[in-house]
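Worksheet: one structure, shown below.
The values are calculated or read from the model by the stated rules, or taken from the named source; none is laboratory data. Because the structure is predicted, anything quoted here is derived from the model rather than measured. Here the Cβ is made from the backbone with ideal geometry for all residues, glycine too, and neighbour counts use every protein chain on show. Note: accessible area is taken over every heavy atom of the protein model, side chains too, but ligands, DNA and RNA are not part of it. Shrake-Rupley method; radii C 1.70, N 1.55, O 1.52, S 1.80 Å.
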Amino acid sequence: MSSTFAQLWAGTFRYVKEHSPYYRALLADHDTVPALAAVPLLDKATLSARPADFCCVPRERIVELVTTSGTTGEPLLWQLTAADVRRLAHNEQLSFGCAGLTAGDTVLIAVALDRCFMAGLAYWLGLREIGCGIVRTGAGSPRFVLEMLQRVQPTAIVGVPSFLRLVAETAQAQGMDLRAASVRKLICIGEPIRDTRWQLNRSGALLANAWNAGVFATYGVTELANSLCECEAGRGGHLHDEQLHLEILDDAGQPVADGEIGEVVATTWGVEGMPLLRYRTGDCAALFREPCACGRTTPRLGPIVGRRQHKLKVKGVSLYPATLTAILEQVPGVETFVVLAHPESELSDRIEVLVHGPVRLPELREAFQARAKITPQIRLAPRAEIEAWQQPPEARKRRMFVDRR
Ligand SMILES: [Zn+2]
């Protein structure tokens, strides 16, 4: 029988209060189970400052040590027990199940399984649970991926969109027709493939076309040891609510309405090693609660529109960079672009858009006004100038938004 929210929360409350030094102190005044909303939000800085205080088990019960991605600040060491690894495996089994993978699938993992990442391990575990054939190519070489693709005829690939595009470009250069190849599903991690209107963005559409395959977005956070994957309906990643509870909160920490964008705040259920209550992921998205076309009734998390600190304020309008980049991807003639946010005043940011290509600027301005309710400064710029913003020497990946505030 499945557990209710009240049971999961009560069990988690008692567990963390007994075993976690951090939560023992934080919840000292609560003898009975409080409302979850009464627990203060936890930010990454607090967690990073004293991770050992969150660990609920002695060292001999830890079986897996990984690090967080470190996109914000220093990568954090994360520790899992044997039961946590089983939970991770079950989560990925459910997630890949949403994308319709079965034991009949052969799946290429084009993601690193080493370098202390949790993601690659989680995918491997989940595919094992389902019983898929697994091919661990990693993401080191597009040529190797193509070689294995020809040898094993996989039906699906798990990978980062930019790498999967690179593989498609390499195939094209080799004269290989990926559209006629065996891959029918691309499970896309780490980069958005859809906009908030559920349409594929430029990257998602490029991938779907180049591979002649269905594309599925999946979102995961190491600290939560959890991921949410889309189903065929492509209307957000399905939450597995026996493992994770999500809240979407506004700047004041209050819940927003269903379908409204706010910060994703998560509470883990059933974690032994490092359980977290009301953890602020820093990612912004919307949650949808109406039943999905696939028949699942759990909430779905929409596309991540950006980091909380990247939220823009322009003359009274609040918006996220992803809204602007989605518009730029859809207006004809835009070959490449970058969105720059400059400081203007306490209350308003100045947005500058550099575009390259045979674009009609009045049409672009109209699109911004209609869909974002703002008109940024727009300037036609040489490709080289835009690329210098997108990929400065120290950047690990290309960025379409640069925060100069
Ligand atoms: Zn669904």
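List of remarks:
- Taking GLU263, GLU147, GLU385 and ordering them by how much accessible surface each has at a 1.4 Å probe, largest first, produces GLU147, GLU385, GLU263.
- Environment charge of HIS342, counting only residues whose C-beta is closer than 10 Å and scoring Lys/Arg +1, Asp/Glu -1: -1
- Within the shell of other residues whose beta carbon sits under 12 angstrom from the beta carbon of ALA49, the net charge comes to -1, with Lys and Arg scored +1 and Asp and Glu -1.
- With protein chains left intact and a 1.4 Å probe, residues in the range 311-403 average 52 Å² of accessible area per residue.
- Size of charge dipole - the chain - debye, nearest 20, with Cβ of Lys, Arg +1 and Asp, Glu -1, no other charges: 640
- The phi-based Karplus calculation (6.51 cos²θ - 1.76 cosθ + 1.60; θ = phi - 60°) puts the 3J(HN,Hα) values of the range 48-55 at 5, 6, 8, x, 4, 6, 8, 7 Hz, whole numbers, x for Gly and Pro.
- Where labels lie 7 Å past Cα in the beta-carbon direction, separation of SER3 and ARG24 in nm: 2.2
- Each peptide among 3-9, 102-108 gets the average number of other Cβ atoms lying within 10 Å of its residues, and from highest to lowest they stand as 102-108, 3-9.
- The simple Förster model, with R0 at 30 Å and r as the Cβ-Cβ distance, assigns ALA208 and ARG115 a FRET efficiency of 0.55.
- The Rg/Rh ratio of the range 83-305, with Rg taken over Cα atoms and Rh as the Kirkwood radius over Cα pairs, comes to 0.97.
- Computed from the C-beta positions of ARG61 and ARG360 and an R0 of 45 Å, the FRET efficiency is 0.10 to the nearest 0.05.
- Global geometry of the range 311-403, whether rounded, prolate or oblate, following the gyration tensor of its Cα atoms and the 1.5 cut on a/c: oblate
- Distance between modelled label sites at VAL256 and ASP43, nm, 7 Å Cα→Cβ extension: 1.8
- Selected from VAL135, VAL317, VAL160 as most flexible by GNM, with the chain as the system and alpha-carbon contacts under 10 Å: VAL317
- For the range 50-148, trypsin sites (Lys or Arg not before Pro) meeting the loop criterion (DSSP other than H, G, I, E, B) and having at most 14 other Cβ atoms within 10 Å: ARG115.
- Principal axis extents of the Cα atoms in the chain, from largest to smallest and rounded to whole angstrom, are 65, 58, 42.
- Put a plus charge on the Cβ of each Lys and Arg, a minus charge on the Cβ of each Asp and Glu, and nothing anywhere else: the dipole of the range 83-305 about its Cα centre is then about 740 debye.
- Scaled radius of gyration (Cα, divided by 2.2 N^0.38 Å) that the range 111-216 gives: 1.04
- Using a Förster distance of 30 Å, the FRET efficiency for GLU346-THR375 (Cβ separation, nearest 0.05): 0.90
- The range 311-403 - share of DSSP beta bridges that are antiparallel (%, nearest 5): 60
- When the chain is treated as a GNM with alpha-carbon contacts under 10 Å, the residue of LEU246, LEU354, LEU328 showing the greatest mean-square fluctuation is LEU354.
- The chain, helix-only ellipticity at 222 nm - DSSP H runs n ≥ 4, -39,500 (n - 2.57), divided by all residues, nearest 500: -9000 deg cm²/dmol
- Convex hull volume per residue in cubic angstrom - Cα atoms of the range 25-128: 159
- Net charge in the neighbourhood of GLN153 (other residues with Cβ under 15 Å of its Cβ; Lys, Arg +1, Asp, Glu -1) is +1.
- A 1.4 Å probe over all protein chains sorts TYR219, TYR23 by accessible area into TYR219, TYR23, starting with the largest.
- Linear extension gain, THR102 paired with GLU290, 0.36 nm per residue minus alpha-carbon span: 65.1 nm
- Violating pairs (Cα-Cα greater than 28 angstrom) within the set LYS17/LYS313; LYS44/LYS397; LYS185/LYS373: LYS17/LYS313; LYS185/LYS373
- Spatial extent of the range 202-320: Rg and Dmax, with the Cα atoms as the point set, Å: 15.3, 47
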